[in-house]
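The block underneath contains the structure these notes are about, expressed in structure tokens.
The values are calculated or read from the model by the stated rules, or taken from the named source; none is laboratory data. A quick note: this is a predicted structure, and the numbers were derived from the prediction, not measured. Note that we place each Cβ from the backbone using ideal geometry, even for glycine, and neighbour counts take in every protein chain shown.
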Amino acid sequence: MSEPPEWRVLAGIGVVLVLQSFLDGGPAGPWNDASFTRGLGALTGGILLYIAWYRWQFKRKGLIPYLHMWKDVRGAVPKLALAGAGFTIMARVMGTLSPIDIPDPMLMIVLLMGILLLLLSAYAWMVTGPLGDEEE
């Protein structure tokens, strides 16, 4: 059996890039906007974290988590929905109630993660529920 792809390096770089969005300042980049540069770095970090998660979860290279690859799709739907709602609420709370000033790019990244998790859970629920094959 072949060895699973390496995911730790991608995860480490992704964490660093996402965490840098918590800091103010930084290079302005060619667009002369440090906030945009931080957001772009955080988005790149989020993509690397997703790829690392995919490699860790499925032990293969790729990007699309086809439902047939999950061990228990129906059991994962509530967990995905809860995680998506949690990230969405966390973005709202961080933006309004946080005692420290959190840069907007970080809030947008957290909100994006929440919305994507909600979308994945809705897709998995539709495919395994109302739109699923009755033969299975």
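Between G29, G12, which is free of Cβ contacts under 8 Å to residues at least 60 places away in the same chain, over 30 Å from K71 (Cα atoms) and either in contact with a helix residue (DSSP H, G or I) (Cβ under 7 Å, 6 or more places away or on another chain) or outside the structural domain of D72 (by TED's automatic domain parsing) (or both)?
From the options G29, G12, the qualifying one is G29.
Would you pick out the residues in region 97-131 that are touching a residue at least 24 places away in the same chain (Cβ under 8 Å), more than 20 Å from P65 (Cα to Cα) and part of a helix (DSSP H, G or I)?
The answer is D104, P105, M106, M108, I109, L111.
Among the residues that make up region 98-120, is at least one of them farther than 23 Å from R38 by Cα, outside the structural domain of D33 (by TED's automatic domain parsing), more than 18 Å from the chain's Cα centre (by Cα) and among the β-branched types (V, I, T)?
The answer is no; no qualifying residue exists.
Considering only region 19-39, I want to know if a residue exists there that is modelled with pLDDT of 85 or more, in a helix (DSSP H, G or I) and surrounded by 14 or more Cβ atoms within 10 Å (Cβ to Cβ).
No: zero hits.
Go through (1) assigned to a helix (DSSP H, G or I); (2) not assigned by TED's automatic domain parsing to the domain that holds V110 and name the single condition V77 misses.
Unmet for V77, out of (1) assigned to a helix (DSSP H, G or I); (2) not assigned by TED's automatic domain parsing to the domain that holds V110: (2).
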